[in-house]
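Here's the structure, in structure tokens; my notes come after.
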């Protein structure tokens, strides 16, 4: 095994020289605390009397240095990235308030296509809000959620928003989203549509504060004016039947007449588990589920990941420990950047970190300077024996008494499948353990992760930076902006807004006809 050493006590003089080109006349300090962080005005505030940067340039300089130190994919010699940094610093010379700065910083992180390096604070993102949510289809944007008084408009096509073509409007608003691909951006952008502060930051608002929609329904055009309201009563698109969305993190039911067991896996976290008994609720649920599967002789296990935005990837490993797997399978490789931020997060010093890494990597790590990068498994996908339940969770009771599931595993994915949920689906697809039905995931199969938080010194804006890179097991499939399903089930607007789950019906039909994708 080998390790790549990367020293970042670097010269970034070209960028720093640019930073100090902008002279700002110092005035007096005025700090007004608003919401999650201070509202600052760059026209009359500087941190130090002799500073040549405004507070927002200083904060971005801090943000940039954290990325250089801690992000495994950002190098000091990346000319393209450094040019973007220079251009961004120039644009900050004219920024005059925190909301505008936050919006521009979001746009900067948007272009990184890294869902865990982001602005974590949300200024002015609480109530009141516009009671609206939109859904994207290749034919346009449609009303997915709206205030109850307009519930008959669910499924209507949106032609324009505030006098701007809907596609143009939403594409511009998407620059505030953080993620890994356009599928996630489209899914998340409605969150930012609901707040007038976001629209104002991008000059998408109207002077009267109204959100004006021109919609088309049954061939008829009409105008809808929405106002920000506190705690609105919302009406959304709803499905019926077994796949109707549950509030639980995980839920399951046997359908013996169809030879199917269905698990709705909505979050990779266990609300029942404790520090002494982690994942205890999940393990109990799986023991009961696989006992039922065995007793009924069920041959098709469907795991619905369409609403799973991630959590702890160990949940996926635990699930697979109940399945009959090959003697060895390919796992994720990757790398990690070790910096002061990482040491502080794990409450370690360099000596204890070297010791921990030596134990994990299987060879002695003797680093003397920060930051540095360690590469796991020589940059290759490790071919390892799958761990048993007792190896994954040492204090968990064995599941050896339950027969290993040896039937078909079918995964359902969509644009809200993200982070650890994508990792689970990728592990299964790359090793041929499951058949994936649905639509492209909101996350990449190979991606950055383990975001650590930090706060910008002037504005107090909370941010996070990825310190790890996870490389998919089948590296021959990289690069890929999404995990694409084996069976891509295209949904029309009419099907999407129907109470019937088209994807679920397709899977059931294929099972009944023994026509699952081979």
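What is the calculated FRET efficiency for residue 217 to residue 490, with r their C-beta to C-beta distance and R₀ = 25 Å, to the nearest 0.05? With R0 = 25 Å, the Cβ-Cβ based efficiency is 0.65.
Spin-label model, residue 515/residue 168: points 7 Å from Cα along the beta carbon direction are separated by 4.4 nm.
Can you say what percent of the DSSP beta bridges in the chain, counting only those with both residues inside, are antiparallel? Round to 5.
Values: 56 of 74 bridges.
So the antiparallel bridges in the chain amount to around 75 percent.
So how do 299, 59, 478 line up by other beta-carbon neighbours within 10 Å, fewest first? Each step should come with its number before you reach the end.
Values: 299 14, 59 26, 478 11.
Going from least to most buried by this count: 478, 299, 59.
Ranked by the mean number of other Cβ atoms within 10 Å of their residues, highest first, the peptides 162-169, 99-106 fall in the order 99-106, 162-169.
Compared with the alpha-carbon gap, the fully stretched path from residue 86 to residue 137 is longer by 14.7 nm at 0.36 nm per residue. In the stretch 132-235, Cα pairs under 8 Å separated by at least six residues give a relative contact order of 29 percent. Across the chain, counting alpha-carbon atoms alone, Rg and Dmax equal 25.1, 77 Å. Extension gain, residue 206-residue 77: 0.36 nm per intervening residue step, less the Cα-Cα distance, totals 42.1 nm.
In plain terms, the chain from residue 406 to residue 276 could stretch by 43.7 nm, reckoned as 0.36 nm per residue minus the Cα-Cα distance.
Read-outs throughout are calculated quantities, based only on the coordinates presented, and are distinct from any laboratory measurement. Here the structure is a predicted model, which means the values were calculated and not measured. FYI the Cβ positions are ideal-geometry reconstructions off the backbone, even for glycines, and counts take in every protein chain you see.
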